[in-house]
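Read the figures in this text as sums done on the coordinates, not as results from a lab. Bear in mind that the values here come from a model prediction, so they are computed numbers and not experimental data. When we count neighbours, we look across all protein chains shown, and the Cβ atoms used for this are built from the backbone with ideal geometry, even at glycine.
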Amino acid sequence: MSEKKQQVSRRQFLNYTLTGVGGFMAAGMLAPMVRFAIDPVLQPASTGDYQAVAQLEDITNEPQRFDWTIDQIDAWYESEVTKSAWVYKDDNDEIIALSPVCKHLGCFVSWAGSDEHPDQFYCPCHDGRYYKDGVNVPGTPPAAALDEFEYKTEDGTLYLGKAKPRGA
Ligand code: FES
């Protein structure tokens, strides 16, 4: 029995070497291009952005709906998105800005939307209700209070930030 010698010819050696070096160089060139291409996806979502929503003089003790638009960028797609909040001043003159998104399944709630409950927020989808302070009425479908917007005031203008769950 003869043992076959495994030898690498000069041609094979050059072939392996050039393939390895070429692959290494190609990876070095492609990595920044791939990183550049997916860069928007890797960017952290902007935080602390506040939008001018209303003049303070327009805010009363009765919840009012204010709408505003933001430019939203999802990777390469840029669009205008309308956002809304229910805003009022409580008994201590503190501003309360509530998200209109129902905590049950995400429909929009409206203040005094039900004739039977004119002093509550009402969600028409499944008869969800919330008290004026946004707390869900027990026995109705929503299991949590409406989210509350962060806000700041400047030069007579109300600016809203992100809507957050209570206590978050
Ligand atoms: S989505 Fe509001 S009660 Fe169901």
ask   = How do TYR159, TYR130 rank when sorted from fewest to most other Cβ atoms within 10 Å of their own Cβ?
value = TYR159, TYR130
key: Most mobile of LEU146, LEU14, LEU158 in a GNM of the chain (Cα contacts under 10 Å)   = LEU14
task = Work through the residues other than ARG129 whose Cβ is under 14 Å from its Cβ and net out their charges, Lys, Arg +1 and Asp, Glu -1.
result = -3
ask   = By a straight-distance test (C-alpha under 12 Å), which aspartates and glutamates pair with LYS162 as possible cross-link partners, with residues fewer than eight away in the same chain excluded?
value = ASP49, ASP147, GLU148, GLU150
message = For the chain, set up a GNM with springs between Cα atoms under 10 Å and report which of VAL53, VAL101, VAL21 has the largest fluctuation.
response = VAL21
message = On a straight-distance basis, which aspartates and glutamates could pair with LYS89 in a cross-link, Cα separation under 12 angstrom, same-chain partners fewer than 8 positions away excluded?
response = GLU57, ASP58, GLU62, ASP133
ask   = Mind checking the angle between helix 10-37 and the chain's longest principal axis? C-alpha axes, 0 to 90 degrees, to the nearest 10.
value = 10
request  = Give the order of SER9, SER110, SER99 when sorted by the count of other beta carbons within 10 angstrom, beginning with the fewest.
outcome  = SER9, SER110, SER99
